[in-house]
Structures are given as C-alpha cells and as structure tokens.
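Following: one structure in structure tokens, then a few remarks.
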Amino acid sequence: MSRWYLLKICYSAYASTLIELPVFFLPGAFLRSCLLDSMLLATSGSIYAAKLALEKGWAINLSGGYHHASLNSGGGFCIYPDITLVVNYLKRCCNLRRILIVDLDAHQGNGYERDFLHDSSVYIIDFYNSYIYPGDHEAEQAIDCFEHVDRDTTDEQYIKILQRDLEKHIKDDMEFIIYNAGTDIMAGDPLGNCCISAAGIQRRDEVVFKWASHKKIPILMLLSGGYQKENTFAIGESILQLITT
Ligand SMILES: [Zn+2]
C-alpha cells in the first residue's frame, strides 16, 4: 500500500470521526466536494453575517453554529469552529472587546468553550441537556451562566428562565451577541431529548432578539443543530416572524 493511499485513508477516517458518519471509505476529494466544502462555505457565511450584523444590527446565517468544534479539534458533526472564528474576527478586525454567546442548542457548546476557557472578554450563556453528548466538564468551566434543559422542561419554564437570565446577564458593555439557535430542543428531536414546542422555539427566538434590540447590541443568529423534518418548519416560521415584526 503506497504512503499516498494511506494518507487518503487517514484523511477520510479522521473526517469520519468528527462528523460521526461512516464515510471513512470515501476518497478524500469526494468527501471534500460533497460535504466539507459546504461546511467551509457555511463557516465563511458566519463571518460574513457577523460583518453584516455590525452594519445592520442583525443577521442570520441559515447554517453554521458548529459549536462542538474548537481551533484544535472537532466532533459531533462539527469540523470548522465558526463561532470561535467569528469571535476572533470581531476582536481582531473590528476591535470589539466584550462579546456574549447565547447558546440555546440542546447540546453543550464545548468547542468554542475550550477556546475561551481563560478569556474573560467572552461571556457565555449555555442552556443544554447535561445528560447527553458531549458532557465536557473541562469546557464547562468557561460557562458564565448554565441552565439544564430536558424532557421535563416546559415551554413556560424555559421562557421564564431565559428571560430571567438574559435580564441578569446582558450588560451594557457587551458589544455583540452570537446567538446559537439550535432547534434540537424541540419535542421529538432524536438527539436533543427535550420537549419544547414549535411555538416555544418561536417565543425563544423572539425573546433573544427583543433583548438584543432593547439593549441595542448587534446580534448574529446561527442555526446549529436540529435532526427532524419538523424542526425545519419551526425555524422557518420563527425566522419569518423575526424579520417581519
Ligand atoms: Zn445540538
């Protein structure tokens, strides 16, 4: 077996572990054109949308939110660390000094949390189901505000806690909000194991956008996880509501 062939096998095998799909047998070039290139474009989209949010006040990337990826590693379908890259872009190219990440996907955002473990300029609110992947206890230390969500959490409880925490933690010196709006907290989602309704998702997004607007802080929304067809309709309806009200 040639060294070049071994390298190609390793490339696909490594990508396979990160995206958790059995694609290790595919040629690297095929994998790139079918999957990785689109993720890379979505990552660029997150950075471009951050720039738009600074200009217009808000922007939504209809993809991205790869919150399990860090600058050094990936996992859980996430390869490119778009959230870390957005933060670094805002700090280095736009001179922002105080950035808030509101991560409401059902899973812990351990990728960017690992990147900002010792960075007090990045404030992290993360609501997730702590009984499921990834259970990254080291990364947890980067979180400033954590709330556990699971099948017993009702829409009413969720929205009440969210409003309370946003009121408590969004400070006037914060200059940008990255909102990771995963819909895998929705009832029936096979990976999130939560029970929030489609109406609850809409209410959640409305609450976060209203807080950003109230505080006059630019907001970038990323769609992150969601693993059933119904989630698509829920987030579509929610975005329509956000942009028409
Ligand atoms: Zn998720």
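The values are calculated or read from the model by the stated rules, or taken from the named source; none is laboratory data. Remember, predicted model here, so these are calculated numbers, not experimental data. Because the Cβ atoms are built from the backbone with ideal geometry, glycine has one as well, and the counts that use them run over all protein chains shown.
Condition test on Ile201, is it among the β-branched types (Val, Ile, Thr), modelled with pLDDT of 95 or more and within 19 Å of Asp103 (Cβ to Cβ)? If you could, list the steps in order and put the result at the bottom.
Values: among the β-branched types (Val, Ile, Thr): yes; modelled with pLDDT of 95 or more: yes; within 19 Å of Asp103 (Cβ to Cβ): yes.
Answer is yes for this residue.
Taking interchain pairs and intrachain pairs at least six residues apart, which have beta carbon atoms under 7 angstrom, with the first residue in the range 72-101 and over 19 Å from Lys216 (Cα atoms) and the second among the charged types (D, E, K, R) and part of a loop (DSSP other than H, G, I, E, B)?
Listed by first residue and then by second, the contacts come to Gly76/Glu20; Phe77/Glu20.
With Asp189, Asp152, Asp165 as the choices, which residue is within 15 Å of the ligand (Cβ to nearest atom) and either modelled with pLDDT of 95 or more or not in a helix (DSSP H, G or I) (or both)? Walk me through it before giving the result.
Values: Asp152 fails: within 15 Å of the ligand (Cβ to nearest atom); Asp165 fails: within 15 Å of the ligand (Cβ to nearest atom).
Asp189 is the lone residue from the list that is within 15 Å of the ligand (Cβ to nearest atom) and either modelled with pLDDT of 95 or more or not in a helix (DSSP H, G or I) (or both).
If Glu138 passes every condition in (1) of a type outside the set (Phe, Trp, Tyr); (2) at pLDDT 95 or above; (3) surrounded by fewer than 16 Cβ atoms within 10 Å (Cβ to Cβ); (4) part of a loop (DSSP other than H, G, I, E, B) but one, which one does it miss?
It fails just one condition, (4).
Give the residues of the range 69-111 that are away from the ligand (no atom under 16 Å from the Cβ), closer than 21 Å to Leu162 by Cβ and of a type in the set (Val, Ile, Thr), sorted by residue number.
Ile99
Applying the selection to the range 202-228, what residues are within 16 Å of the ligand (Cβ to nearest atom) and in a helix (DSSP H, G or I)? Write out each step before concluding.
Here is the first cut: in the range 202-228, the residues within 16 Å of the ligand (Cβ to nearest atom) are 204-205, 221-228.
Those that are within 16 Å of the ligand (Cβ to nearest atom) and in a helix (DSSP H, G or I): Arg204, Asp205.
Matching residues to (1) small (Gly, Ala, Ser); (2) in contact (Cβ under 8 Å) with a residue 60 or more places away in the chain:
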| site | (1), (2) |
| --- | --- |
| Tyr128 | no, no |
| Ile132 | no, yes |
| Ala142 | yes, no |
| Phe146 | no, no |
| Ile170 | no, yes |
| Glu175 | no, yes |
| Gly188 | yes, no |
| Ser224 | yes, yes |
| Lys229 | no, no |
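Mind checking which residues of the range 197-213 are surrounded by fewer than 18 Cβ atoms within 10 Å (Cβ to Cβ) and closer than 23 Å to Met174 by Cα?
Result: Glu206, Val207, Lys210, Ser213.
The rows are residues; the columns are (1) in contact with a strand residue (DSSP E or B) (Cβ under 6 Å, 6 or more places away or on another chain); (2) surrounded by fewer than 23 Cβ atoms within 10 Å (Cβ to Cβ); (3) not basic (Lys, Arg).
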{"residue": "Cys145", "(1), (2), (3)": "yes, yes, yes"}
{"residue": "Thr153", "(1), (2), (3)": "no, yes, yes"}
{"residue": "Glu156", "(1), (2), (3)": "no, yes, yes"}
{"residue": "Leu162", "(1), (2), (3)": "no, yes, yes"}
{"residue": "Asp165", "(1), (2), (3)": "yes, yes, yes"}
{"residue": "Asn180", "(1), (2), (3)": "yes, no, yes"}
{"residue": "Ala187", "(1), (2), (3)": "no, yes, yes"}
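In the range 80-119, which residues are among the acidic types (Asp, Glu), outside any helix (DSSP H, G or I) and within 23 Å of Tyr133 (Cα to Cα)?
Of all residues in the range 80-119, those among the acidic types (Asp, Glu) come to 82, 103, 105, 113, 115, 119.
Right, trim to outside any helix (DSSP H, G or I) and you get 103, 105, 119.
Answer for the range 80-119, where residues must be among the acidic types (Asp, Glu), outside any helix (DSSP H, G or I) and within 23 Å of Tyr133 (Cα to Cα): Asp103, Asp105.
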